[in-house]
Protein chains: 2
Amino acid sequence: MATTQGRPRSFDRAAALDRATHLFWERGYEGTSIADLTEAMGIHPPSLYAAFSDKRTLFEEVVERYGATFGAFMDAALREEPTAYAAFARMLREAADEYTDPGHPPGCLIISAATNVPAAHRDVQDALCRLRNRNLERFEARLRAAVADGELPADADPRALAVFYAAVIQGMSQQARDGVGRAQLRAVAELALSTWPGTPSPAPKQR
Amino acid sequence: MATTQGRPRSFDRAAALDRATHLFWERGYEGTSIADLTEAMGIHPPSLYAAFSDKRTLFEEVVERYGATFGAFMDAALREEPTAYAAFARMLREAADEYTDPGHPPGCLIISAATNVPAAHRDVQDALCRLRNRNLERFEARLRAAVADGELPADADPRALAVFYAAVIQGMSQQARDGVGRAQLRAVAELALSTWPGTPSPAPKQR
DNA sequence: TCATTTCCGTAGGGATCGCTACAGAACGAG
DNA sequence: CTCGTTCTGTAGCGATCCCTACGGAAATGA
């Protein structure tokens with residue numbers, strides 16, 4: 001009964017979604033046309049619309065899948081690491097590696113795929129903005145918990161630290177897209193970590 | 001002799017350029033159409049093309065003017081401040097104020113106006129990328145000079161510091177576009193400054 | 001085999017894109 | 001005044017945008 005009736009789909013839906021992810025990642029929502037997508041998928045428009053509804057819905061599915069795979073390292077770090085410092089250290093270091101992985105486009109799709117949009121498609125921009133701000137709130141919550149736990153001093157500002165680390169990560173994505181290499185992004189991660197409140201200034205290679 | 005022949009232009013070219021700057025700043029190159037521009041300028045397409053050649057050339061003039069006005073604070077800080085620390089401190093603090101100025105769109109046009117681009121217009125994206133990378137090299141040159149002067153320790157890494165501060169500034173632009181306020185961006189600037197090599201880690205108040 | 005269901009390729013619709021041909025309008029020069 | 005020059009509005013070009021109507025093709029179920 002699980003078998004579908006009618007003519008079966010002649011292409012691999014998951015592979016097609018991968019191609020779409022790659023294109024949206026590289027050129028953004030507006031920069032990727034249906035013609036680009038169908039050409040990369042090796043299909044024709046009606047097949048795309050039958051499988052993915054429309055461009056907007058396809059993009060949503062791409063973003064969702066991106067968050068569950070390439071973007072999952074952030075949630076994992078926040079969830080798995082025992083201390084806030086370990087979580088942010090892991091996030092920053094993995095971001096440096098992830099954003100410069102030669103196996104896919106540089107940078108982060110959620111950060112860069114919908115920044116230039118006509119007024120009619122503002123909702124796409126807003127959707128990614130919401131995802132970014134949700135991440136920012138997760139950062140802040142984790143840092144607030146660290147203050148409550150005593151891991152961070154009582155006068156530490158969780159909101160400011162959250163915005164700072166989010167800004168560094170977004171800046172790393174932009175730098176990766178501008179061609180900065182992995183080693184330099186790793187150095188950026190270490191510099192950002194050296195601001196951690198209470199960290200002795202002789203960090204890895206100081207003094 | 002300075003008087004022009006023929007029918008005079010019926011609109012203020014500088015004011016029209018301001019409107020164009022505002023639109024490109026807010027929606028980016030691809031997100032802004034000729035119809036958007038002519039409507040905001042209160043003119044019709046032939047007038048725009050007579051005054052600004054074409055969309056690409058208009059955008060270049062907008063970028064140039066932006067760099068000479070809103071974006072000039074970076075060059076000014078690097079040129080006018082006596083020490084590298086003072087230069088970067090001023091840049092970061094002025095970026096926080098500039099990117100959240102309610103008098104114009106949030107963030108930086110050069111950072112965010114051409115990130116999602118179809119393959120055919122890649123050259124616009126590349127032009128802004130070159131501007132960003134040129135800034136990055138200026139950062140590095142100033143930091144390298146600070147090492148040579150003895151302001152920074154000999155084992156400081158000018159390239160890594162340059163990428164770090166550039167990333168923070170780009171991240172601040174993105175955060176401003178996502179709605180983060182001026183006070184929080186200022187806090188981000190102070191956190192970024194606290195990584196300055198040799199700075200004592202407790203730096204709640206500067207100057 | 002036949003009916004049903006679903007997908008595929010062709011072909012194109014309606015809207016918008018950047019841009020421009022054209023003719024009339026507003027100026028200076030003579 | 002007329003002439004030449006430059007700008008302005010109308011109107012529309014070809015290309016591309018996202019999307020879909022349509023009929024044939026390929027599968028299942030009877």
Ordered shortest first, which distances in nm separate the 7 Å Cα→C-beta label point of B:SER33 from those of the other copies?
1.5
Based on the Cβ-Cβ distance from B:ARG130 to B:SER53, what FRET efficiency comes out when R0 is 25 Å, to the nearest 0.05?
0.75
Out of every Cα pair in segment A:83-195, what percent are spaced more than 19 Å from each other?
50
Helical mean residue ellipticity (222 nm; -39500 (n - 2.57) per DSSP H run of 4+; nearest 500) of chain A:
-21500 deg cm²/dmol
Sorting from shortest, the nanometre distances separating the label point of A:ASP123 (7 Å past Cα along the line to Cβ) from those of the same residue in the other copies are 3.6
Taking a temperature of 25 °C and a viscosity of 0.890 mPa s, what whole-number D in µm²/s does Stokes-Einstein yield for segment A:1-151 with Rh from Kirkwood over alpha carbon pairs?
141
Taking the rotation that carries B onto A, look along its axis and tell me which residue of B has the beta carbon nearest to it, distance in whole angstrom.
B:GLY171, 2
Most mobile of A:ALA166, A:ALA76, A:ALA176 per a Gaussian network model of chain A (Cα springs, under 10 Å)?
A:ALA76
Alpha carbon Rg of segment A:82-130, scaled by the compact-globule rule 2.2 N^0.38 Å:
1.52
Check: segment A:1-81 dipole with +1 on Lys, Arg Cβ and -1 on Asp, Glu Cβ, in debye
400
Would you please give the FRET efficiency between A:ALA141 and A:GLU94, computed as 1/(1 + (r/R0)^6) with r the Cβ-Cβ distance and R0 = 22 Å, to the nearest 0.05?
0.65
Of B:GLY71, B:LEU161, B:SER194, which is farthest on the positive side of the dipole of segment B:56-207, counting Cα position, with +1 on Lys and Arg Cβ, -1 on Asp and Glu Cβ, and the Cα centre as origin?
B:SER194
Using a 7 Å offset from Cα along the direction of the beta-carbon, what are the separations from B:GLY179 to the same position in each other copy, nm, ascending?
3.6
Please work out the Cα convex hull volume for segment B:136-205 and give it in Å³ per residue.
87
Rotationally averaged projected area of the protein assembly as shown (alpha carbon convex hull; nm²):
25.7
Taking every C-alpha to C-alpha distance in segment A:92-157 and binning by 10 Å from 0, the per-bin percentages run 18, 30, 31, 18, 3
Using label points projected 7 Å from each Cα along Cα→Cβ, tell me how many nm separate A:ASP101 and A:ALA86, to one decimal.
2.3
Just to be sure I understand the model, the point goes 7 Å from the Cα along the line to the Cβ. What's the resulting B:PHE11 to A:ALA35 distance in nm?
2.9
Quick one: among A:GLY179, A:GLY42, A:GLY103, which has the greatest mean-square fluctuation in a GNM of chain A with alpha-carbon springs under 10 angstrom?
A:GLY103
Mind putting a number on the dipole of segment B:46-203 about its Cα centre? Charges go on the C-beta only, +1 for Lys and Arg and -1 for Asp and Glu, and I need it in Debye to the nearest 20.
260
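Any read-out appearing in this document is the output of simple, stated calculations on the displayed coordinates, not a laboratory observation. Because the structure is predicted, anything quoted here is derived from the model rather than measured. Cβ coordinates were reconstructed from backbone atoms using ideal geometry, including for glycine residues, and neighbour counts include every protein chain displayed.
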